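These notes are about the structure you will find just below.
The values are calculated or read from the model by the stated rules, or taken from the named source; none is laboratory data. None of these values were measured; they are calculated from a predicted model. Glycine also receives a Cβ, built like all others from the backbone with ideal geometry; neighbour counts cover every protein chain displayed.
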Amino acid sequence: MNSTIYNFTNNWFEITGRGPWDSLIPQINPTRILEIGSYEGASTCYLIEKLATSKEIELHCIDTWEGGEEHKSADVNMSDVETRFHHNTKIAMNKAKKNVQLVPHKEFSDVALSKLITKGKEGYFDFIYIDGSHQAPDVLFDALLSFKLLKKNGVIAFDDYLWQEQLPQEKLPYGTDPIRCPKIAIDAFTNIYCRKLRIISIPLHQLYVQKISD
Ligand SMILES: C[S@@+](CC[C@H](N)C(=O)[O-])C[C@H]1O[C@@H](n2cnc3c(N)ncnc32)[C@H](O)[C@@H]1O
């Protein structure tokens, strides 16, 4: 791998993250950041490039680098993915003007988040990005533990709110399973914590629904 050129094999972050983050991240201007789900480091590198120009940042990245449920059928070599994460973040850190304290946590998010709590990091982070497992029970757990780790006025961003795994028709009549999607967990979290949260209106202020049957 060329040591000065990023190596990304997908454009997930370009599709969902970059647009809203271009306006959101400068407003939050976080210093202590926690990312759940880093993959090849596309979102990680964005944060380093955007923030470590003017100040030092601390960036914790939680990932098993084993892939989520949705990667299992896609035949992805996760060891190569992990190598690309280190390659890409090294390039971003070399380009950064200020020091980046990058702390990878190679384990399941429930374990890593619990450890951060027991190490006294409650109320520590300015910005937490949840983009790990897309299974509703995992997303709910990530949200609850992240809330503990977030400081007052800090922001949690959930990726893939409307992501749906397409399952074969023979498995499910409608092709999707709400428990294998983040939305039901994010809705439960934001409803139950409604007195402790303000929803920030970034592009989701309209919702379109299409009737598909009577
Ligand atoms: C969608 S990718 C992250 C994409 C990344 N944020 C980006 O911008 O390119 C999801 C990642 O979450 C990790 N993951 C899935 N379930 C996890 C879990 N329970 N704990 C920790 N990491 C998990 C996978 O290994 C995968 O690398």
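Data table
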| read-out | value |
| --- | --- |
| Filter pass, residue 152 being touching a helix residue (DSSP H, G or I) at 6+ places or on another chain (Cβ under 6 Å), without any contact (Cβ under 8 Å) to a residue 40 or more places away in the chain and more than 16 Å from the ligand (Cβ to nearest atom) | no |
| Within the stretch 12-35, considering residues that are within 9 Å of the ligand (Cβ to nearest atom) and either hydroxyl-bearing (Ser, Thr, Tyr) or not in a helix (DSSP H, G or I) (or both), the one surrounded by the most Cβ atoms within 10 Å (Cβ to Cβ) | 35 |
| Only one of 43, 38 that is part of a helix (DSSP H, G or I), under 23 Å from residue 182 (Cβ atoms) and either in contact (Cβ under 8 Å) with a residue 60 or more places away in the chain or among the aliphatic types (A, V, I, L, M) (or both) | 43 |
| Entirely in the stretch 98-199, the helices (runs of 4 or more DSSP H) that have 2 or more residues that are modelled with pLDDT of 95 or more, closer than 21 Å to residue 20 by Cβ and among the acidic types (Asp, Glu) | none |
| Residue selected from the stretch 46-77 under the condition within 20 Å of residue 17 (Cα to Cα), at pLDDT below 95 and surrounded by 15 or more Cβ atoms within 10 Å (Cβ to Cβ), by the criterion farthest from the chain's Cα centre (by Cα) | 70 |
| Residue 70, sole failed condition from (1) within 10 Å of the ligand (Cβ to nearest atom); (2) outside any helix (DSSP H, G or I) | (2) |
| Pairs, first more than 15 Å from residue 4 (Cβ to Cβ) in the stretch 75-94, second part of a helix (DSSP H, G or I) and within 10 Å of the ligand (Cβ to nearest atom), C-beta under 9 Å, six or more apart | 78/71; 81/71; 85/44 |
